[in-house]
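Below is one structure, written out as structure tokens; the observations come after it.
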Amino acid sequence: MIVQNTYVYIQIGLCLRMLRNIDAAHGSSFALQIIETMNRNLLEGGFDVSLSAMRSSAFAEMNNALKIASEGKLSSSLVSDIKEEFSGLEKVVFAEAITKKIYVLPNRRFNTEYLLSEPSKLLKNGAFEKLEEIARIDFSSSCRCILFGEATAAAFHILRATESVLKSYYFHHRRKDRLKTPMWGPMTQQLRAKSKNKPSETLLNSLDLVRTAYRNPTQHPEAIYEIDSAQDLFGVCLDLIGKMCEEL
């Protein structure tokens, strides 16, 4: 996914307007600066066809004439060439713009910027770095899925991330006689059976609730989430991951 600043499209339009309405009073450096800005924004906006149109021989001749022109007033013939070239380019830009789509991100219960590109800020300072790589990937994927409205995928990823953190939490508490295949239920059972330094009963109860009410049903293909229920689950798992990370 490419994050595109929509102001690029506004700048392209402004550059076209200025060059289509240029007059003799404008100097060559002004015109060259606008053309360079236009070129940069077309490149950033992914307007490949329009960029190709700016590489025509006629456009190159006009550009070269601008480079060797004096800084004073532009000649009437050069002004005419500029207007002609950019009138033609405007048609190409407009035609190519039809192929561009802008998707507006909806507001969710969680910060949009954090969901999109800074998921670590949804946790306490330093917590995200304590996660295993698979947990970081799943956590970040869940954030994006919530933002994009992929509720079932968001639930799947946040539950995977929570189970990964639980495994790290289990290894932290269980130094020996560990399960050969650590699974959610057996891990919480062994943690609950500890006699010393036993984890919080509230934490263990919450982990069991998430397992039975969410994790197990989500493993079945028929389980489908709405965005509100996915955000409910995300909030619960966010709390659980944060609490477990405090001890890691």
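Of all lysines in the structure, the ones whose alpha carbon falls short of 17 Å from that of LYS243, not counting any fewer than 8 places away in one chain, are LYS121, LYS124, LYS130, LYS167, LYS198. The loop-placed trypsin sites (Lys or Arg not before Pro) in segment 179-228, going by DSSP, that have at most 15 neighbouring Cβ atoms within 10 Å of their Cβ come out as LYS180, LYS194, LYS196. Using a simple spin-label model with pseudo-atoms 7 Å out from Cα toward Cβ, ILE10 and THR212 lie 5.5 nm apart. With contributions of -39500 (n - 2.57) from each DSSP H run of at least four residues, the per-residue ellipticity at 222 nm computed over the chain stands at -20500 deg cm²/dmol. Extension gain, THR37-VAL3: 0.36 nm per intervening residue step, less the Cα-Cα distance, totals 10.3 nm. Quick check: the distance between the Cα centres of segment 206-244 and segment 83-140, to the nearest angstrom? Centre-to-centre distance over Cα atoms comes out at 25 Å. Residue exposure proxy: GLU163, GLU71, GLU90, ordered by other Cβ atoms within 10 angstrom of their Cβ from fewest to most, comes out as GLU71, GLU90, GLU163. Among 108-121, 137-150, the peptide with the highest mean count of other Cβ atoms within 10 Å heads the list, and the full ranking is 137-150, 108-121. The modelled label-to-label distance between ILE98 and ARG175, using points 7 Å beyond Cα along the C-beta direction, is 7.1 nm. Under a model in which nothing but the beta-carbon of Lys, Arg (+1) and Asp, Glu (-1) is charged, the chain shows a dipole of about 1300 debye around its Cα centre. In segment 1-72, one over the average inverse separation of all distinct C-alpha pairs is 13.1 Å, which is the Kirkwood hydrodynamic radius.
Count neighbours as other Cβ atoms within 10 Å of each site's Cβ, and list the trypsin sites (Lys or Arg not before Pro) in segment 65-104 that are DSSP loop with at most 10 such neighbours. Don't skip to the end; give the middle numbers.
Numbers: sites: LYS67, LYS73, LYS83, LYS91, LYS100, LYS101; in loops: LYS73, LYS100, LYS101.
Passing sites in segment 65-104 are LYS101.
Annotation for LYS194 and ASP228: the two label points, set 7 Å from Cα along the Cα-Cβ direction, are 3.8 nm apart.
If you fit an axis through the alpha-carbon atoms of helix 7-20 and take the longest principal axis of the Cα set of the chain, what angle between them do you get, 0 to 90°, nearest 10? In the chain, helix 7-20 runs at an angle near 0 degrees to the longest axis.
Normalise the Cα radius of gyration of the chain by 2.2 N^0.38 Å (N = residues in it) and let me know the number.
That ratio works out to 1.61.
None of the figures in this text is laboratory data; all of them are computed from the coordinates on show. Here the structure is a predicted model, which means the values were calculated and not measured. Note that we place each Cβ from the backbone using ideal geometry, even for glycine, and neighbour counts take in every protein chain shown.
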